[in-house]
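Step one of this worksheet: look at the structure below.
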Amino acid sequence: MKKKKATSSSEKNPANPPKLLVLHGPNLNLLGTREPDYYGLATLAEINLALARSAASAGVELESFQSNHEGALIERVHAAREQGVSYIIINPAAFTHTSIALYDAMAATGIPFIEVHLSNVHARESFRHHSYFSRLAIGVITGLGSKGYLLALEYLLSQISSD
């Protein structure tokens, strides 16, 4: 499948900056206290703040959204297309391995995205080794903790500046 390049008219207009969306799947609201050996000590609020600061310094609009509900994530993906979101960073969490519906939403909108996982899913239980999303993603970052989100953002900012 060929990767689509974002073509938002807002990308070159500082009055209407490019928009990025960060989606966090189920149980990520528990970061900082949930299985820190796998997920680290950074809270979701700390991750979102670091992303927001980095995006703002680059003149890019960034919104973060977390839900434990598959339907809410799907609706947010649908809305992203209407809002002119250029790229998505998504950690589908457990939905990585189970949600064809969220996969279909990502495919239907055509918004390029990077898949992020805090833990190294390939060093964990076998059911975590399969992702429905990876075949659609620009790239996948796994096992680098909260830094994975920042690396995904850094890459997308370089894409925006080269567009």
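Descriptive notes on the structure:
- Candidates 105, 94, 79, filtered to the one that is over 18 Å from residue 26 (Cβ atoms), assigned to a helix (DSSP H, G or I) and among the aliphatic types (A, V, I, L, M): 79
- Some residue of the range 71-83 being of a type in the set (Gly, Ala, Ser), touching a strand residue (DSSP E or B) at 6+ places or on another chain (Cβ under 8 Å) and touching a residue at least 40 places away in the same chain (Cβ under 8 Å): yes
- Filtered residues of the range 97-129 (kept if among the β-branched types (Val, Ile, Thr) and modelled with pLDDT under 95): 98, 121
- Some residue of the range 43-58 being polar (S, T, N, Q) and in contact with a Gly (Cβ under 7 Å, 6 or more places away or on another chain): yes
- Those residues of the range 16-57 which are over 23 Å from residue 137 (Cα atoms), among the aliphatic types (A, V, I, L, M) and either surrounded by 21 or more Cβ atoms within 10 Å (Cβ to Cβ) or in contact (Cβ under 8 Å) with a residue 40 or more places away in the chain (or both), in sequence order: 31, 42
- Residue in the range 105-163 that is surrounded by the most Cβ atoms within 10 Å (Cβ to Cβ), counting only those that are of a type in the set (Asp, Glu) and closer than 26 Å to residue 60 by Cβ: 115
The values are calculated or read from the model by the stated rules, or taken from the named source; none is laboratory data. Keep in mind that this is a model prediction, so the values were computed, not measured. Positions of Cβ are backbone-derived with ideal geometry, glycine not excepted, and every protein chain shown enters the neighbour counts.
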